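The structure under discussion appears below in the form of structure tokens.
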């Protein structure tokens, strides 16, 4: 251990009772192992059985039957489609809008900036359940805001939550409303840290606004954008709360995401054996992807 | 050119201020709108009720049957319990990952981080099996354990990013004077970074307060948190809007205050220390 800044020849007192370094992490690791690793091992065992909490029939070993069934489960593949659709649409729109607002706020006078940021990130502060109820009130067929507006302008009411297409849109709008601020906040913060010299040089060289944005500003923001997209993608992958509130997965599974389907399997129809197999499969795949990406982002930190 | 740019910027900003704030305004004014204004087909937009009522708010600000104060108490106990447990476990671990080099530290810290990012639905099943096995469903401890599991990786990484910024010279001089590593952590690092600890504590509370999936699965009624109770109003949508809105308002206010308390470190907290804001 280097004691910097001490004159040569200083006699160092030996630190008393230096506990081994890993003592510091033992409490955390022990907690995580007890709470997550052991139950996961139990879950792996359960995934080879037909355990169902809905009946009192003792569980029996059925081998890889559960894993085989996953590939024939149309409801699962439909929920996967919905998840991927939400992920791509929301991510694209949130990024586009977030970038647009960030650039707009950044170009507005210094004095107002902080107040604007505080306003724009308000949706992010809403508890997801509250945001869900908030938008459900907007969509509500009888007296929801959108339908009153439509009637006011002489159009018919839209059955927002009982139509397969509209309900998808309803969910996506809610997520976009709540999480565009996240993209905005990160991109805006990134904009404050990038050096001005290259941007000014590009403008002097006659680059248009869009060219400067595309070839100078965006590459400088690369890291922030990657992190923002990654965090949003992971949140969208597990989208659950607002769907549970607004549509409950309906109508006709139109908005049932993977998380929602697994929750229904586990805690409504109580097919613990099958849902364990499903959870394990997704855990393995997502764990692998997450680790791969994390190592790249955090390696140098 | 510059003028045109400013006009476009202002247009964008004004439009988004409206779309950001309007749903919040519309929803929370539901709490003072009289019941008649939304049970029937409505024809016109009521910006502000002509006869505001406190009927809904007084109904939910009670203990027992219809009241929400029981759930407010549950949420508070669970949020504080989670935060205490998280800080206790996370501080030494974050210190070790920030300062000490030991065998497997890199692998361990990465493993902990990846736990934060796995889909919660995959973790909720083993946790449920565990809690069910010990007959702890619908107890505070069940929810506190589950929330700690998700906050802990976050807390370790964010605290670590703060601890790294403390100049090592401070503890080194303490250790030269005979202080142990634990002593350095407790007497130097934690006091010096008390602002960071408060930040992480507030983030923990925000997480625990807002979390829905685990609270939903692990509670029935006596330990249910506010998000769970707010979600369960959904059965009788038409008549309960005022109550839903009032309960939501009550659940949201502390969170907004908390958010502004950690405003300075918001980005670091939201990205687990990957981006420093």
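The values are calculated or read from the model by the stated rules, or taken from the named source; none is laboratory data. Note that the structure is predicted; figures quoted are calculated from it, not measured. Cβ coordinates were reconstructed from backbone atoms using ideal geometry, including for glycine residues, and neighbour counts include every protein chain displayed.
Quick look at the numbers
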item	result
The stretch A:114-145: number of residues that are surrounded by 14 or more Cβ atoms within 10 Å (Cβ to Cβ), closer than 28 Å to residue B:9 by Cβ and free of Cβ contacts under 8 Å to residues at least 60 places away in the same chain	9
Leading residue by the ranking (farthest from the chain's Cα centre (by Cα)) among those in the stretch B:129-143 that are assigned to a helix (DSSP H, G or I) and surrounded by fewer than 23 Cβ atoms within 10 Å (Cβ to Cβ)	B:133
Elements of type helices (runs of 4 or more DSSP H) contained in the stretch B:203-275, each with 2 or more residues being within 17 Å of residue A:136 (Cα to Cα)	B:226-232, B:237-261
Check on residue B:174, buried (at least 23 other Cβ atoms within 10 Å of the Cβ) and either assigned to a helix (DSSP H, G or I) or in the same structural domain as residue B:83 (by TED's automatic domain parsing) (or both)	no
Top-ranked residue in the stretch B:256-267 [being at the interface with chain A (Cβ under 10 Å from one of its Cβ atoms) and in contact with a helix residue (DSSP H, G or I) (Cβ under 6 Å, 6 or more places away or on another chain); ranked as nearest to residue A:297 (Cα to Cα)]	B:267
Matching residues in the stretch B:158-174 - criterion: being out of contact with any helix residue (DSSP H, G or I) (no Cβ under 6 Å at 6 or more places or on another chain) and either facing another protein chain (nearest Cβ under 9 Å) or under 21 Å from residue B:270 (Cα atoms) (or both)	B:161, B:165, B:168, B:169, B:172, B:173
Matching residues, the stretch A:146-162, being at pLDDT 85 or above, touching a helix residue (DSSP H, G or I) at 6+ places or on another chain (Cβ under 7 Å) and within 11 Å of chain B (Cβ to nearest Cβ)	A:146, A:161
Pairs, first more than 7 Å from chain A (Cβ to nearest Cβ) in the stretch B:112-127, second surrounded by 23 or more Cβ atoms within 10 Å (Cβ to Cβ) and modelled with pLDDT under 85, C-beta under 8 Å, six or more apart	B:116/B:272
Extreme residue, modelled with the lowest pLDDT, among residues of the stretch A:32-72 that are crowded, with 16+ Cβ neighbours inside 10 Å, under 27 Å from the mean Cα position of the chain (by Cα) and farther than 16 Å from residue A:284 by Cα	A:35
Neighbours by Cβ (under 9 Å, 6+ apart or cross-chain): first from the stretch A:88-113, more than 13 Å from chain B (Cβ to nearest Cβ) and under 20 Å from residue A:239 (Cα atoms); second at pLDDT below 95 and not in a helix (DSSP H, G or I)	A:90/A:239
Residues (on the phi > 0 side of the Ramachandran plot and surrounded by 20 or more Cβ atoms within 10 Å (Cβ to Cβ)) located in the stretch A:239-256	A:249
